[in-house]
Amino acid sequence: MSAVRVLTSRRFLRQVTPSLPASMRRHYSLDVPAALLRTQGYLGGRWVSAASEFPVLDPATGQELTQVSDCGPAEAKQAVNAAYEAFQSWKQSTAKERSVLLRKWFDLLMLHKEDLAKLITFECGKPMRESLGEMAYSASFLEWFSEEARRVYGDIVPPPANDRRILLLKQPVGVASIITPWNFPSAMITRKVGAALAAGCTVVVKPAEDTPLSALALAKLAEQAGIPPGVVNVVPCSREKTPSVGQVLCTDPLVAKISFTGSTATGKVLLRMAADTVKRVSMELGGNAPFIVFDSADVDSAVGGAMASKFRNSGQTCVCSNRFLVQSGIYDRFVDKLGRAMDAELRLGHGSDPNTTQGPLINTRAAEKVLHQISDAVSQGAKVLKGGNRLDGSFMEPTLLTDVTADMLCMKEETFGPLVPVIRFETEEEALAVANAANVGLAGYFYSQDVGQIWRVAEALEVGIVGVNEGLLSTPEATFGGVKQSGLGREGSKYGIDEYLEVKYMCYGGLKP
């Protein structure tokens, strides 16, 4: 075993880093059909090689899976041009034609869901069961928006005079740049692209550098579904080329719309780049979700919700519970039952192992961030009841902290890892004050059996998504998005397609009364 030293604001905390069992370190191979393991960019309906390549790694083992074309600004511009050219005809297609093609794409995703799930597991690290769940979720957006494509209704408005008629028409905005994260490498694409294509827009997708294989496989299936060349384009690139590619996708005058999911800091950079050409922008940015358990809660239900919300994808989701606030009357009982559930239900390992419930974090930087938050909390008096160690590579033990205070880093920063810091509170007002102190507001959760309290707290929480006695929220039928610095706009639901539409006012005058 090796040892690491983690620097905190007060002192060095020496922490032993255990090794993974041998069964977790063995070689795992990615076995998918060659047709789905694409390594070139997809530009204008052609598979294009770049001048150089970058490696895609399995975060569980550090082993290289393959090399992918490292596209740069030239390829990004080529993709934008192709999307703009394709838009001229795609916007003329009927809603029914777009609906049929999206449905064919959905059918292909469902046909190949197991192989697509394998790609997610190997490049993202999440357990296969979760990857299969993501594929069902991914496909559901194509199904949903294939149906919504035929429901883009305008309005006829009563005019102020009888010699005219007022019509409000909905039309696609144009080329959309789609910039997606690594934690849901398939679903974040279909949630955006499904809506864009349904509205009549064309897209250029820039997937995260850690997870390009899922995006390229989706493009291959879009091609097989018969979606015309240039309507969907994918520009994979390395971390080093991401700024220059992003510059093209956010500033090119042919791009009308940017949709981004990622950190608040990056979102602000993209907003500044989009400002010069006044592009339409929708963004789903960082969160710091509170999970509040009131004295009136069903404790067993709250523990189940906490497990589902916190440990999905090893804590690496934008809507993961991050700050746990438990009322003093049930604090000890909740912590005890949560610790027991962690022991009973969580198993670390490679995602392709059917016994695994917790895969690795996406890279070593992610694990180091979690360790830093634990070290900071311990240095200020928090106690580690479960876990607390980083294992080989980027594996992180699920960790339970008590005696947490609101000024610790784990309460002020989004963690993106399997860390549960629990803070005790006395009153509803106190809990809301802590929950709403963050400058972000994506999701929030609370457990209560008091009907009056449920309405008060649901309305008072400064978030875009509220889970009441429920830890899993996402569905294509509902809106997804936040308030404050968690973003702009909404995805999913009947409102998600509006992000890709302009409303044109048509005044038809000169009519005889």
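The values are calculated or read from the model by the stated rules, or taken from the named source; none is laboratory data. Treat the numbers as computed from the prediction; the structure is a model and nothing was measured. Positions of Cβ are generated from backbone atoms using ideal geometry, with glycine treated the same way; all protein chains shown enter the neighbour counts. In case anyone asks, the SASA skips ligands and DNA or RNA and just uses the protein heavy atoms, side chains included. Shrake-Rupley method; radii C 1.70, N 1.55, O 1.52, S 1.80 Å.
To the nearest 10, the accessible area of residue 112 is 50 Å² with a 1.4 Å probe. Inter-label distance, residue 153 to residue 308: 3.3 nm, where each label sits 7 Å from its Cα along the C-beta direction. The modelled label-to-label distance between residue 239 and residue 340, using points 7 Å beyond Cα along the C-beta direction, is 4.2 nm. Coupling constants for segment 92-107 follow from the phi torsions by the Karplus curve (6.51 cos²θ - 1.76 cosθ + 1.60, θ = phi - 60°), and in residue order they are 8, 5, 7, 4, 5, 4, 5, 4, 5, 5, 5, 5, 5, 5, 4, 4 Hz; glycine and proline get x. For residue 295, the residues whose modelled amide H falls within less than 5 Å of its own, excluding neighbours fewer than 5 places apart on the same chain, are 327.
Report the Rg/Rh value for the chain, based on alpha-carbon coordinates and the Kirkwood definition of Rh. Each step should come with its number before you reach the end.
Values: Rg = 23.9 Å, Rh = 23.9 Å.
For the chain, the value is 1.00.
Could you run the Debye sum over the Cα atoms of segment 347-411, one equal point scatterer each and no solvent, and tell me log10 of I(q)/I(0) at q = 0.13, 0.22, 0.28, 0.30 Å⁻¹, two decimals? With one equal scatterer per Cα and no solvent, log10 I(q)/I(0) is -0.38, -0.88, -1.16, -1.24. Computed extension length for residue 478-residue 35: 156.1 nm, one decimal, from 0.36 nm per residue of separation with the Cα-Cα distance subtracted. If the segment from residue 53 to residue 165 were pulled out straight at 0.36 nm per residue, it would be longer than the present Cα-Cα gap by 34.6 nm. Across segment 212-292, Cα-Cα distances exceeding 20 Å account for 47% of all pairs. Largest to smallest in accessible area, the residues 314, 52 fall in the order 52, 314 (1.4 Å probe, all protein chains included).
With the radius of gyration and the Kirkwood radius both derived from the Cα set of segment 282-433, what is their ratio Rg to Rh? Please list the in-between numbers first.
Working: Rg = 14.7 Å, Rh = 15.5 Å.
Reported Rg/Rh (Cα atoms, Kirkwood Rh): 0.95.
Order 46, 323, 272, most accessible first, counting only protein heavy atoms with a 1.4 angstrom probe. Kindly include the intermediate steps, with their values, before the conclusion.
Working: 46 135, 323 5, 272 155 Å².
From most exposed to least exposed: 272, 46, 323.
The amide H of residue 165, built 1.01 Å from its N in the peptide plane, has 508, 509 as neighbours under 5 Å, considering only residues 5 or more places off or on other chains.
Could you give the accessible area per residue of the chain, probe 1.4 Å, as a whole number in Å²? Show your work: numbers first, answer last.
Values: 20500 Å² over 513 residues.
Ligands and nucleic acids excluded, the figure is 40 Å² per residue.
Compute the helix-to-body angle for 212-225: its Cα long axis versus the longest principal axis of the chain, expressed 0 to 90° and rounded to tens. It is inclined by approximately 30 degrees.
Surface composition of segment 355-502: carbon plus sulfur atoms contribute 51% of the solvent-accessible area (1.4 Å probe, protein chains only, all chains present). Ranked from largest to smallest solvent-accessible area, with a 1.4 Å probe on the protein heavy atoms, 386, 412 come out as 412, 386.
Only protein heavy atoms count here; under a 1.4 Å probe, residue 124 has an accessible surface of about 0 Å². Label zone of residue 511 (point 7 Å out along Cα→Cβ, amide N under 11 Å): in segment 154-171 this covers 156-167. Distances between placed amide hydrogens fall under 5 Å for residue 57 paired with 65, all partners being 5 or more residues away or on another chain. Leaving out ligands, DNA and RNA, what percent of the accessible area of segment 64-121 is carbon and sulfur, probe 1.4 Å? Exposed carbon and sulfur together represent 51 percent of the surface.
Phi angles of segment 360-375 translate, via the Karplus equation with coefficients 6.51, -1.76, 1.60 and θ = phi - 60°, into HN-Hα couplings of x, 6, 5, 6, 5, 4, 5, 5, 5, 5, 5, 4, 5, 5, 4, 4 Hz per residue; Gly and Pro are given as x.
For the pair residue 254 and residue 89, what calculated FRET efficiency results from E = 1/(1 + (r/R0)^6), where r is the Cβ-Cβ distance and R0 = 22 Å, to the nearest 0.05? Don't skip to the end; give the middle numbers.
Numbers: r = 15 Å, r/R0 = 0.70.
The pair residue 89/residue 254 has a calculated efficiency of 0.90.
Computed from label points 7 Å out along Cα-Cβ, the spacing between residue 97 and residue 433 is 6.1 nm. For residue 268, the lysines whose Cα comes closer than 22 Å to its Cα, not counting residues fewer than 8 places off in the same chain, are 192, 206, 241, 257, 279, 369, 412, 484. Each of 302, 122, 154 was scored by the projection of its Cα onto the charge dipole of the chain, and the greatest displacement toward the positive side belongs to 154; charges sit on the C-beta of Lys, Arg, Asp and Glu.
Taking only the alpha carbons of segment 170-253, we obtain Rg and Dmax values of 12.4, 39 Å in that order.
Assuming a ≥ b ≥ c are the square roots of the Cα gyration tensor eigenvalues, decide whether segment 56-195 counts as rounded (a/c under 1.5), prolate (otherwise, with a/b larger than b/c) or oblate. All intermediate terms of the calculation are to be shown ahead of the outcome.
Values: a/c = 2.99, a/b = 1.93, b/c = 1.55.
The shape class here is prolate.
The orientation-averaged projection of the convex hull spanning the C-alpha atoms of segment 119-230 amounts to 8.8 square nanometres. Across the alpha-carbon atoms of segment 398-501, the computed radius of gyration and Dmax are 15.2, 49 angstrom. In segment 139-191, one over the average inverse separation of all distinct C-alpha pairs is 14.6 Å, which is the Kirkwood hydrodynamic radius.
Once all protein chains are placed together, residue 300 keeps about 100 Å² accessible to a 1.4 angstrom probe.
The portion of the accessible surface of segment 189-248 made up by carbon and sulfur, rounded to a whole percent, is 56 (1.4 Å probe; DNA, RNA and ligands excluded).
Counting only aspartates and glutamates at least 8 places from residue 383 when in the same chain, those with an alpha carbon closer than 16 Å to its own are 332, 336, 397, 403, 407.
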